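S.K.: My structure is below; once you've seen it, I'll send some questions.
The values are calculated or read from the model by the stated rules, or taken from the named source; none is laboratory data. A quick note: this is a predicted structure, and the numbers were derived from the prediction, not measured. Note that we place each Cβ from the backbone using ideal geometry, even for glycine, and neighbour counts take in every protein chain shown.
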Amino acid sequence: MITITASIVTFHNSPELINRAIESFLNTNLPVKIYICDNSATDALKNQLLKDERLEYRFNNANLGFGKAHNLILDEVKNLSTYHVILNPDVEYANKNLLNKLVNFAQDDENIGAIMPKVVYPDGSTQLLAKLLPSPVDLIARRFLPFLANKNFDLAYTQYKFTMDVPFISGCFMFVKTAVIKEVGGFDDRFFMYCEDIDLSRRIGEKYRTVFYPEVHIVHHYAKGSYKNKNLLKIHIQSAFRYFNKWGWFFDAQRKTTNKRALELINNTLKNNLNKK
């Protein structure tokens, strides 16, 4: 039995960054295995990767999209590992004990389904990737009218200092219990790219805790492709439409209830930590 498996989906990404992500994950004393699922046009990446028996390369010979490619691996490891890391190709970390700490934290509570560590930019500043479930206004304002954005949406007021249950954790590094994925299913592959992590967080959150855990951190280079590329922006918009068509647009009672409960728990956490000082 492997303790932790991981999957990285690539599409013409920098081999240097991919290798740094692989090296970070493999830098552990735990039994692990990592899969590179390559959506690129050629398999040139295969000969540019680190050589390690714990690494397995898969060439898809097609651009399957983010979620569908990850699902190929998630389906394979559901009876192989205890935990699985959904990992971006532009993520790295130096802490050799990061995976051990995540395992220990997850073991402490059987109700935990998925965990996201603190995520920082290369300059050390915090990325605001622990969020509430979005409304259409949240996504539109965040992308096009940031001065109108809901200030609670990305929970910036918490300063990301404390462990919090949050409804939406980023897919750039999602540490999940494999049994939970087996129960709720992997990504909805109707989302080619973008919003699939919101959907998965939400489905896990219906039955388990989805937790932001700042006791460990990763570095995410975070290209923000849809801010720079019109085709990626189009894909992002299409995914947002699919998400709201699935869960509800302006009338989504579950979103309202989930976010209200999340804010109550988060505010209680902040209050309790302030009282300890």
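S.K.: I'd like the residue in the stretch 131-169 that is touching a strand residue (DSSP E or B) at 6+ places or on another chain (Cβ under 6 Å) and hydroxyl-bearing (S, T, Y) and, out of all such residues, is surrounded by the most Cβ atoms within 10 Å (Cβ to Cβ).
M.R.: Looking at the filtered set, the residue picked out is Y160.
S.K.: So, one more: Does the stretch 214-222 contain any residue that is modelled with pLDDT under 95 and within 20 Å of M116 (Cα to Cα)?
M.R.: Yes, the stretch 214-222 contains at least one residue that is modelled with pLDDT under 95 and within 20 Å of M116 (Cα to Cα).
S.K.: Consider the stretch 69-103. How many of its residues are farther than 27 Å from P122 by Cα and either of a type in the set (D, E, K, R) or touching a Gly at 6+ places or on another chain (Cβ under 6 Å) (or both)?
M.R.: So the count comes out to 5.
S.K.: Mind telling me which of the residues F153, F175, F212 ends up being in a strand (DSSP E or B) and in contact with a Lys or Arg (Cβ under 9 Å, 6 or more places away or on another chain)?
M.R.: F212
S.K.: Does any residue of the stretch 197-217 turn out to be touching an Asp or Glu at 6+ places or on another chain (Cβ under 7 Å) and more than 24 Å from I73 (Cα to Cα)?
M.R.: No: zero hits.
S.K.: Output the residue which, of all residues in the stretch 1-28 that are farther than 17 Å from F66 by Cα and free of Cβ contacts under 8 Å to residues at least 60 places away in the same chain, is surrounded by the most Cβ atoms within 10 Å (Cβ to Cβ).
M.R.: I22
S.K.: Name the residues in the stretch 69-91 that are closer than 23 Å to P15 by Cβ and touching a helix residue (DSSP H, G or I) at 6+ places or on another chain (Cβ under 9 Å), would you?
M.R.: H70, V85, I86, L87, N88, P89, D90, V91
S.K.: Could you tell me whether any residue of the stretch 243-254 is surrounded by fewer than 19 Cβ atoms within 10 Å (Cβ to Cβ), in a helix (DSSP H, G or I) and among the small types (G, A, S)?
M.R.: Yes: the stretch 243-254 contains one or more residues that are surrounded by fewer than 19 Cβ atoms within 10 Å (Cβ to Cβ), in a helix (DSSP H, G or I) and among the small types (G, A, S).
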